[in-house]
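Novice: Have a look at this one before I ask anything.
The values are calculated or read from the model by the stated rules, or taken from the named source; none is laboratory data. From a predicted model like this one, the values you see are computed outputs, not experimental measurements. Positions of Cβ are backbone-derived with ideal geometry, glycine not excepted, and every protein chain shown enters the neighbour counts. Accessible surface areas use protein heavy atoms only, side chains included; no ligands, DNA or RNA. Shrake-Rupley method; radii C 1.70, N 1.55, O 1.52, S 1.80 Å.
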Amino acid sequence: MSDVIALHNGAILEVHDPARCAGQTCCIHAPSNHLMLGFPQHWRSDRQLMERICPHGIGHPDPDDIAFKWRTRGDQFARYEAIHGCDGCCTGGGTDG
């Protein structure tokens, strides 16, 4: 069985059953307390990547999705997936305007 969630843009996404990630961080069911936690989520189907959209409209890879990719696919894959156009919001140094 899986869950269905609605993302900030109104899209519906079918996700894994919460039992599959029980006891671990998960960008859907149990996000960590990262800097972008309050940013809306956006699923990038072209990259199979969960992003967080900062107040400036930039998509930053969700840290919990990158951590999952690191655990399941390794360091090199996770580093590649973390590459993005960045304004600094994912490190706490975002632009003011």
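Novice: Among the listed residues 28, 66, identify the single one that is open to solvent by less than 60 Å² (accessible area, probe 1.4 Å), under 21 Å from residue 13 (Cα atoms) and in a helix (DSSP H, G or I).
Specialist: When all the criteria are applied, what remains is 66.
Novice: Among (1) more than 25 Å from residue 16 (Cα to Cα); (2) open to solvent by 70 Å² or more (accessible area, probe 1.4 Å); (3) part of a helix (DSSP H, G or I), there is one condition residue 80 misses while meeting the rest; what is its number?
Specialist: (1)
Novice: So, residue 49, is that one at pLDDT 90 or above, of a type in the set (A, V, I, L, M, F, W, C) and within 17 Å of residue 69 (Cα to Cα) or not?
Specialist: When the stated conditions are applied, residue 49 passes them.
Novice: If you take the residues of the range 83-92 that are over 23 Å from residue 21 (Cβ atoms) and part of a helix (DSSP H, G or I), which of them is least open to solvent (accessible area, probe 1.4 Å)? Spell out how you get there, then give the answer.
Specialist: Of the range 83-92, the ones over 23 Å from residue 21 (Cβ atoms) are 83-89, 91-92.
Retained after the next criterion (residues that are part of a helix (DSSP H, G or I)): 89, 91.
Values: 89: 16, 91: 105 Å².
The residue in question is 89.
Novice: Which of the residues spanning the range 31-63 are open to solvent by less than 30 Å² (accessible area, probe 1.4 Å) and hydrophobic (A, V, I, L, M, F, W, C)?
Specialist: 36, 49, 50, 54
Novice: Further question on the same structure: Residue 20 versus (1) in a loop (DSSP other than H, G, I, E, B); (2) open to solvent by 80 Å² or more (accessible area, probe 1.4 Å): which is the lone unmet condition?
Specialist: Status for residue 20: all satisfied but (1).
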